[in-house]
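One structure below.
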Amino acid sequence: MRSRMISVERLEALATRALAEGGRLATWRDNGRPRRLVTWDLSMQCSDVIGVELNARYSANHSKVVKPMTVILVVRCRKCEWCRKMRSRFWTGRAMAEYGHAQRNVFGTLTARPEDHFRYDTQARVRLGKRGVDFDGLHEREKFEARCVEMGGEVTLWLKRLREGRDGQPKPKFRYLLIAEAHDSENTQSVMRMRPHFHVLLHEYSVPLILPHEVKVIKKDDRIIHSLEDNSFVRRNWYAGFTKFEIATDPKSAAYLCKYLNKSLAVRVRASQRYGSGFIQNNNASSACSSSSKNEKGEIDPPSLGTGKG
Ligand SMILES: [Zn+2]
């Protein structure tokens, strides 16, 4: 079991919340001193739960005498099949909600050239090196995460260009979901292995991202595809490599994208603020565990524990 110290004020607040939302309290006497233990199970059907023991760090300005207390949180592993399925389901629901409310939806892929991946590795090496972490000594999955941070910077610049819009034109209004996945198939070249590419869903609201002349209609296997031209605004603003985009004509494309989340551990999600949540009523799970994580609101973090991740 992991253990952590948090301030006594936060621990008390957490215990109060736990008890209000299904946590269990046990009390006993330890050498004549009363002790309290609150256990709060947030793991649902995760098959590989993680226990986190929280004890109080007494702050200088805390003058009250409080009985010693421990809170044990039982949280999801985020890795087992059930956790992955839940993650995929969570984002599918949100993507479908955005899809249904947007005026138009576009999905596509952003990839980077080997030389750009080489640059991301170099940047990651320098960035982590400053914190005393040896990039080359990391596990493949950790390397993938570091690469996602670097390539994510490139994606941020792309989103900024899209938000800026065309010269002298109104700024486009859109929301996005990005799923980073590792190149990792049988025939992936070694220079590309475990390097990220991004699956993208863009939801257009009121001011369009795409102009009519930027769409070409092609027929592929009896399917009509509304594909974006190479020099379309969305595609030409990605500088790092190959892109492919098409206009979504079926809400299934949103669900299809989220299936990647189920597929592998080497997947990261990033989305517009409050993505989809404006349209969806919070269910019990997400309200009980309103996450402190910035990007992955679907992940259940121990409440008020800050950014510590498993
Ligand atoms: Zn799990």
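Values in this text are rule-based calculations from the coordinates and carry no lab data. Worth saying up front: this structure is predicted, and the values here are computed from it rather than measured. Note that each Cβ is placed from the backbone with ideal geometry, even for glycine, and that neighbours are counted across all protein chains shown.
Mind listing the phi-derived Karplus ³J(HN,Hα) values for the stretch 217-228, rounded to whole Hz, using 6.51, -1.76 and 1.60 with θ = phi - 60°, and x for any glycine or proline?
Whole-Hz 3J(HN,Hα) from phi for the stretch 217-228: 9, 10, 10, 9, 6, 6, 10, 8, 10, 9, 9, 7.
For E115 and S206, FRET efficiency with R0 = 30 Å and r from the beta-carbon atoms, rounded to 0.05?
Plugging the Cβ-Cβ distance into 1/(1 + (r/R0)^6) gives 0.20.
Counting other C-beta atoms within 10 Å, which of H183, H203 has the fewest, and how do the rest follow?
H183, H203
Can you work out ³J(HN,Hα) from phi for every residue in the stretch 161-178, in order, using Karplus 6.51 cos²θ - 1.76 cosθ + 1.60 and θ = phi - 60°, giving whole Hz and x for Gly and Pro?
4, 5, 5, 4, x, 7, 3, x, 10, x, 6, x, 10, 8, 10, 9, 10, 10
Considering only C-alpha atoms, what is the centroid distance from the stretch 88-141 to the stretch 192-261, in Å?
17
How long is the gain from E53 to D222 if the chain were fully straight, where each residue apart is worth 0.36 nm and the alpha carbon distance is subtracted?
So the extension gain works out to 55.1 nm.
Given a 10 angstrom Cα cut-off, can you work out which residue in S206, S253, S264 is the most mobile in a GNM of the chain?
The residue with the greatest mean-square fluctuation here is S206.
Does the stretch 163-227 classify as rounded, prolate or oblate by the C-alpha gyration tensor (a ≥ b ≥ c root eigenvalues; a/c under 1.5 gives rounded; else a/b over b/c gives prolate, otherwise oblate)?
Details: a/c = 2.79, a/b = 1.53, b/c = 1.82.
Oblate is the answer for the stretch 163-227, as a/c is 1.5 or above yet b/c matches or exceeds a/b.
Place the peptides 151-162, 169-180 in order of packing, highest mean first, counting for every residue the other Cβ atoms within 10 Å and averaging per peptide.
169-180, 151-162
For the chain, what does the convex hull of the Cα positions come to per residue, in cubic angstrom?
Taking the convex hull of the Cα positions in the chain, it is 187 Å³ per residue.
Report ³J(HN,Hα) in whole Hz for each residue of the stretch 133-149, in order, from the Karplus equation J = 6.51 cos²θ - 1.76 cosθ + 1.60 where θ = phi - 60°; Gly and Pro get x.
Running phi through 6.51 cos²θ - 1.76 cosθ + 1.60 with θ = phi - 60° gives 9, 8, 3, 5, x, 6, 5, 3, 5, 5, 4, 4, 5, 5, 5, 4, 4 Hz.
Taking H placed 1.01 Å from N in the peptide plane, check which residues at least 5 places from S7 or on another chain put their amide H under 5 Å from its amide H.
Result for S7 returns R57.
Could I have the simple spin-label model distance between D184 and Y260, label points 7 Å from Cα toward Cβ, reported in nm to one decimal?
1.3
Do any of K85/K143; K143/K259; K173/K263; K216/K252 go past 26 Å between their Cα atoms, and which?
K173/K263
Hey, with R₀ at 35 Å, roughly what FRET efficiency would R24 and W82 work out to, going by the Cβ-Cβ distance, to 0.05?
Values: r = 23 Å, r/R0 = 0.65.
Computed FRET efficiency for R24 and W82 comes out at 0.95.
Using the eigenvalues of the Cα gyration tensor, what equivalent ellipsoid semi-axes result for the stretch 2-75 when each is taken as the square root of five times the eigenvalue, whole Å, largest first?
23, 14, 11
Please give the length that would be gained between D167 and E145 if that part of the chain were fully extended, namely 0.36 nm times their separation in residues minus their C-alpha to C-alpha distance (nm, one decimal). Write down the numbers at each step before the final one.
Working: separation 22, 0.36 × 22 = 7.92 nm, distance 3.50 nm.
Difference between extended and current length: 4.4 nm.
Counting only residues 5 or more places away or on other chains, whose amide H sits under 5 Å from the amide H of R195 once H atoms are built in the peptide plane?
So R195 has HN proximity to H183.
By how many degrees, 0 to 90 and rounded to 10, does the Cα axis of helix 81-101 deviate from the longest principal axis of the chain?
Tilt of helix 81-101: around 50 degrees.
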